[in-house]
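The values are calculated or read from the model by the stated rules, or taken from the named source; none is laboratory data. Since the model is a prediction, treat every value here as computed from it, not as a measurement. Neighbour counts are summed over all protein chains in view; Cβ atoms, including those assigned to glycine, are modelled from backbone coordinates with ideal geometry.
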Amino acid sequence: AQKVTQAQTEISVVEKEDVTLDCVYETRDTTYYLFWYKQPPSGELVFLIRRNSFDEQNEISGRYSWNFQKSTSSFNFTITASQVVDSAVYFCALPSLTGANNLFFGTGTRLTVIP
Amino acid sequence: ETGVTQSPTHLIKTRGQQVTLRCSSQSGHNTVSWYQQALGQGPQFIFQYYREEENGRGNFPPRFSGLQFPNYSSELNVNALELDDSALYLCASSWYRGETQYFGPGTRLLVL
């Protein structure tokens, strides 16, 4: 079965610090996608990235970057120069093996950026 | 392009009652998935609808049921509400099953 582990429950950083959120996953699939979502206090899950397991290149989008390492089953997310607006709960997710491809989520990491 | 919308935003019910939650999918999307998110947890998959047919179901009892309409909007119905049903209910749509899911703002349900 699919499993996603986000060991960091809560992280606090001071504005402008860099922060890395960890994600470790388990799957029997040889080809799969991985996702990160952001959930601000409003509750809506905001899509951040989808990464195919074939592509182990690091991805950068503005202040966000992702490090995918298939050998260690990790898909970590780094925010550079954090801002107060980055305060949210961040979820890593992995699709199921069934036709629905529903998402299995980790328990999330709550990030608080202190001004 | 209109995103995923859900109604109502908040709801209070008592144990044993029934509730219907609604979701309008993003334009061009034909797949809708529903998730339940308890406080402090990640979302849990309830079921998915693809072209008006149920396309998969998570570990939820039959009192959780759904519908998808020809315009791809969807309803989640919960009968015989229990206190543990108190949660944020999230709807997500995608242009095809297996593609990226985009979420709505959710409905916060409180069962007293």
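What the table below lists for this structure:
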read-out: Matching option when the condition is under 28 Å from A:Thr5 (Cβ atoms), in contact (Cβ under 8 Å) with a residue 12 or more places away in the chain, touching a strand residue (DSSP E or B) at 6+ places or on another chain (Cβ under 9 Å) and surrounded by 20 or more Cβ atoms within 10 Å (Cβ to Cβ), among B:Phe60, B:Phe103, B:Phe64; value: B:Phe103
read-out: Residues located in region A:21-45, provided they are exposed (fewer than 15 other Cβ atoms within 10 Å of the Cβ) and either out of contact with any helix residue (DSSP H, G or I) (no Cβ under 9 Å at 6 or more places or on another chain) or free of Cβ contacts under 8 Å to residues at least 40 places away in the same chain (or both); value: A:Glu26, A:Arg28, A:Asp29, A:Thr30, A:Thr31, A:Pro41, A:Ser42
read-out: Hits in region B:21-41 (condition: surrounded by 14 or more Cβ atoms within 10 Å (Cβ to Cβ) and either in contact with a Leu (Cβ under 9 Å, 6 or more places away or on another chain) or among the aromatic types (Phe, Trp, Tyr) (or both)); value: B:Leu21, B:Arg22, B:Cys23, B:Ser33, B:Trp34, B:Tyr35, B:Gln36, B:Gln37
read-out: Residues of region B:58-108 that turn out to be within 12 Å of chain A (Cβ to nearest Cβ) and part of a strand (DSSP E or B), as a count; value: 12
read-out: Test result for B:Asn79, at pLDDT below 95 and either under 15 Å from the mean Cα position of the chain (by Cα) or crowded, with 21+ Cβ neighbours inside 10 Å (or both); value: no
read-out: Subset of region A:89-115 [on the phi > 0 side of the Ramachandran plot and within 12 Å of the chain's Cα centre (by Cα)]; value: A:Gly108
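Yes/no per residue for (1) assigned to a loop (DSSP other than H, G, I, E, B); (2) out of contact with any Leu (no Cβ under 6 Å at 6 or more places or on another chain); (3) on the phi > 0 side of the Ramachandran plot; (4) within 12 Å of chain B (Cβ to nearest Cβ):
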position	(1), (2), (3), (4)
A:Thr30	yes, yes, no, no
A:Trp36	no, no, no, yes
A:Leu48	no, yes, no, yes
A:Glu56	yes, yes, no, no
A:Ile60	no, yes, no, no
A:Trp66	no, yes, no, no
A:Phe77	no, no, no, no
